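The values are calculated or read from the model by the stated rules, or taken from the named source; none is laboratory data. Being a predicted model, the structure only gives us computed values, none of them experimental. Here the Cβ positions follow ideal geometry from the backbone for every residue, glycine too, while neighbour counts run over all protein chains shown. Heavy atoms of the whole protein, side chains included, go into the accessibility calculation; ligands, DNA and RNA do not. Shrake-Rupley method; radii C 1.70, N 1.55, O 1.52, S 1.80 Å.
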Amino acid sequence: MVISSLIGAIPGIANVLLVCSLFWLIFSIMGVQIFGGKFFKCLDADGEKYLASVVPNKTACLQRNDSSVWVNSNINFDNVVYGFLALLQVVSNSIL
């Protein structure tokens, strides 16, 4: 009886999962449009981040005399898949 109830609930669970995935897709696409390519930063040789007021863009970062590198953050919105991962991280941190 319990097993048949669980099996009978699968279509409803799938519908809820589909609606939630659709909303996540919408927010991920919005994140790509708003935040895509904006999480890059300039790091010095020791891995310390420069302030954005000191190094505003990639050209200024690479023109420094030290061994600075222009890197992207691990969590970003550069494409929809990374947007899904960023949203998952936000949701999982807010639950805890």
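The set of residues in the range 7-38 that are over 20 Å from Ala86 (Cβ atoms) and either β-branched (Val, Ile, Thr) or touching a residue at least 60 places away in the same chain (Cβ under 8 Å) (or both) comprises Ile7, Ile10, Ile13, Val16, Val19.
Taken as a whole, the range 39-49 holds no residue that is open to solvent by 90 Å² or more (accessible area, probe 1.4 Å), within 25 Å of Gln89 (Cα to Cα) and touching a residue at least 24 places away in the same chain (Cβ under 8 Å). Within the range 57-88, the set of residues being in a helix (DSSP H, G or I), over 15 Å from Phe40 (Cβ atoms) and open to solvent by 80 Å² or more (accessible area, probe 1.4 Å) comprises Val81, Leu85, Leu88.
Looking at the range 55-81, which of its residues are among the hydroxyl-bearing types (Ser, Thr, Tyr) and at pLDDT 90 or above?
Just the residues of the range 55-81 that are among the hydroxyl-bearing types (Ser, Thr, Tyr), to begin with: 59, 67-68, 73.
Once the filter is applied, which keeps residues that are among the hydroxyl-bearing types (Ser, Thr, Tyr) and at pLDDT 90 or above, the range 55-81 yields only Thr59.
With the condition kept exactly as written, say whether any residue in the range 20-31 is at positive phi and surrounded by 10 or more Cβ atoms within 10 Å (Cβ to Cβ). Within the range 20-31 (the criterion being at positive phi and surrounded by 10 or more Cβ atoms within 10 Å (Cβ to Cβ)), the answer is no, since none of the residues qualifies.
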